[in-house]
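Novice: Mind looking over this structure? Questions follow.
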Amino acid sequence: MVKFKRNSVLMLKGIGVICTLFVVQLSVAQDKKKPNIIFIMTDDHAAGATGIYGGRLADLGATPNLDALAKEGMVFENCFVTNSICTPSRASIITGQYSQTNGVLDLWNELDANKQYLPQEIKKLGYETAMIGKWHLHQEPKAFDYYKVFPLQGTYFDPEFRAKDKGKWPDNTVQYKGHSSDVVTDQALNWVHNRKNPEKPFFLMYHFKAPHDMFEFNPKYSSYLEDIKIPEPQSLYDQPDWGSEATRGKNDSLLHVIGSSISSRHPNRNYVDIYKTGNLPTEKERTSAAYQEYLKRYLRCVKGVDDNLGRFFEDLKKEGLWENTIIVYTSESRHDAGRTRL
């Protein structure tokens, strides 16, 4: 059995799925006053892009609020992902099922409202439920008492939402000015402050778009890391043992069409072209410059998330909710800033 102290935290290394219902059941069984539960999810936040797990990026100061949170709770050192692709990953979390069972196998499959099991089961335990931010499961999140979610991926700036109190899905839209990380946090705080049933414990899924590519950060972070050189992995320039014939092709025939690349390897999607570093004298210099720009933009998005989490956590403390709230933090996809393909 697990006894959670204060605002226990579950940090997932890399990407992962946690059975939140299991957490709830343990907590309810041991505490007379049911804890609030906040499930925070980012999109493509690598474990290496925190201070929690160490590594090349740990000392860049991108996540002081998450780092502090992790010191108070539980950190997952060994976690296995159910599905590493965006929409199927989210479907696995909501259903507690493998992709072949819930039917969401790719980015375009829809999750039937009847299969949104997690909020359904949480409500049976007496919780008020809400889903705010990135949903990306296509059908209306009907099982929640309240929702305000992005259509599809959402946008980084001036995001549009579909909101439960704004009409019939999918025409129930409302738009806000500002950066999505700020706006999602504003909306999450607004729901916490104005719940219909404040006497009930609450379950909130609080989901960011960031730091999903193309890393459109809030301009106020432009100076962050501006004069810093990000440490680079040796594998950025040399990966002789990467892949097999199944992925590289016979005699490396597929090498230039796999995925995308920081270097100019991939002819259709590479960051030398995207960030226009191709005028530098050597391929190594072009790749290095593209990598630096890529990581700085990425970490500026991460910093924006972390600052908003700090704001959110301070509000929970101010409102007297901190001590009896379980906070789960994870990220849903396959990005890893620590291992970059040439």
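Novice: Which residue is surrounded by the most Cβ atoms within 10 Å (Cβ to Cβ), if the candidates are limited to the stretch 210-239 and must be at pLDDT below 95 and not in a loop (DSSP other than H, G, I, E, B)?
Specialist: Leu236
Novice: Only one of (1) open to solvent by 20 Å² or more (accessible area, probe 1.4 Å); (2) at pLDDT 95 or above is not met by Tyr147, so which one is it?
Specialist: So the condition that Tyr147 fails would be (1).
Novice: OK, next. Might you let me know whether the stretch 172-183 holds any residue that is within 30 Å of Thr129 (Cα to Cα), in contact with a strand residue (DSSP E or B) (Cβ under 9 Å, 6 or more places away or on another chain) and open to solvent by 80 Å² or more (accessible area, probe 1.4 Å)?
Specialist: Yes, there is a match, as at least one residue in the stretch 172-183 is within 30 Å of Thr129 (Cα to Cα), in contact with a strand residue (DSSP E or B) (Cβ under 9 Å, 6 or more places away or on another chain) and open to solvent by 80 Å² or more (accessible area, probe 1.4 Å).
Novice: Would you call Ile15 crowded, with 17+ Cβ neighbours inside 10 Å, touching a strand residue (DSSP E or B) at 6+ places or on another chain (Cβ under 7 Å), at pLDDT below 90 and closer than 30 Å to Glu226 by Cβ?
Specialist: Yes, satisfied.
Novice: If you check Arg265, Arg311, which single one turns out to be touching a residue at least 24 places away in the same chain (Cβ under 8 Å), part of a loop (DSSP other than H, G, I, E, B) and not aliphatic (A, V, I, L, M)?
Specialist: Arg265
So that you can scan it fast, the table gives a plain yes or no per residue for (1) more than 22 Å from Ala210 (Cβ to Cβ); (2) within 19 Å of the chain's Cα centre (by Cα); (3) hydrophobic (A, V, I, L, M, F, W, C):
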site: Phe39; (1), (2), (3): no, yes, yes
site: Ala58; (1), (2), (3): no, yes, yes
site: Gly61; (1), (2), (3): no, yes, no
site: Asn78; (1), (2), (3): yes, yes, no
site: Ile85; (1), (2), (3): no, yes, yes
site: Tyr98; (1), (2), (3): yes, no, no
site: Ala113; (1), (2), (3): yes, no, yes
site: Glu121; (1), (2), (3): yes, no, no
site: Gly133; (1), (2), (3): no, yes, no
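Novice: Suppose we filter the stretch 193-209 for residues that are open to solvent by less than 30 Å² (accessible area, probe 1.4 Å) and either over 21 Å from Gln120 (Cβ atoms) or part of a strand (DSSP E or B) (or both); how many remain?
Specialist: Residues in the stretch 193-209 being open to solvent by less than 30 Å² (accessible area, probe 1.4 Å) and either over 21 Å from Gln120 (Cβ atoms) or part of a strand (DSSP E or B) (or both): 8 in total.
Novice: Looking at the stretch 42-64 only, could you name the residues that are out of contact with any Ser or Thr (no Cβ under 6 Å at 6 or more places or on another chain) and not in a loop (DSSP other than H, G, I, E, B)?
Specialist: Ala47, Gly48, Ala49, Ala58, Asp59, Leu60, Pro64
Novice: For Gly167, indicate whether it is without any contact (Cβ under 8 Å) to a residue 12 or more places away in the chain and either of a type in the set (Gly, Ala, Ser) or open to solvent by less than 40 Å² (accessible area, probe 1.4 Å) (or both).
Specialist: Yes.
Novice: So the check is Cβ under 6 Å with 6+ separation or different chains; which pairs have a first residue in the stretch 173-192 that's closer than 10 Å to Phe208 by Cα and a second one that's of a type in the set (A, V, I, L, M) and surrounded by 16 or more Cβ atoms within 10 Å (Cβ to Cβ)?
Specialist: Matching pairs, first to second residue: Ser181/Ala210; Ser181/Val305.
Novice: Further question on the same structure: Regarding the stretch 93-108, can at least one residue be identified that is modelled with pLDDT of 95 or more, assigned to a loop (DSSP other than H, G, I, E, B), farther than 27 Å from Phe157 by Cβ and open to solvent by less than 10 Å² (accessible area, probe 1.4 Å)?
Specialist: Yes; the residues of the stretch 93-108 include at least one that is modelled with pLDDT of 95 or more, assigned to a loop (DSSP other than H, G, I, E, B), farther than 27 Å from Phe157 by Cβ and open to solvent by less than 10 Å² (accessible area, probe 1.4 Å).
Novice: Pick from the stretch 260-283 the residues that are surrounded by fewer than 10 Cβ atoms within 10 Å (Cβ to Cβ) and under 18 Å from Tyr294 (Cα atoms): which of them is modelled with the highest pLDDT?
Specialist: Here the answer is Asn279.
Novice: While we're here: How do the pairs read when you match residues in the stretch 287-306 that are among the small types (Gly, Ala, Ser) and open to solvent by 10 Å² or more (accessible area, probe 1.4 Å) with residues anywhere that are in a helix (DSSP H, G or I) and modelled with pLDDT of 95 or more, using Cβ under 9 Å and keeping only pairs 6 or more apart or on different chains?
Specialist: Hits for this filter: Ala289/Val272.
Novice: Hey, another quick one. When both residues are 6+ apart or on different chains and their Cβ atoms are under 7 Å apart, which pairs have a first residue that lies in the stretch 224-244 and is farther than 19 Å from Tyr298 by Cα, and a second that is not in a loop (DSSP other than H, G, I, E, B)?
Specialist: Taking only residues 6 or more apart or on different chains, the pairs are Tyr237/Lys284; Tyr237/Thr287.
Novice: Also, quick follow-up: Among the residues of the stretch 65-86, is there at least one that is open to solvent by 10 Å² or more (accessible area, probe 1.4 Å), charged (D, E, K, R), in a helix (DSSP H, G or I) and within 20 Å of Pro141 (Cβ to Cβ)?
Specialist: No, the stretch 65-86 contains no residue that is open to solvent by 10 Å² or more (accessible area, probe 1.4 Å), charged (D, E, K, R), in a helix (DSSP H, G or I) and within 20 Å of Pro141 (Cβ to Cβ).
The values are calculated or read from the model by the stated rules, or taken from the named source; none is laboratory data. Fair warning: this is a prediction, and the values are worked out from it, not measured in the lab. Cβ sites come from the backbone with ideal geometry, for glycine too, and all protein chains shown count toward neighbours. Accessible surface areas use protein heavy atoms only, side chains included; no ligands, DNA or RNA. Shrake-Rupley method; radii C 1.70, N 1.55, O 1.52, S 1.80 Å.
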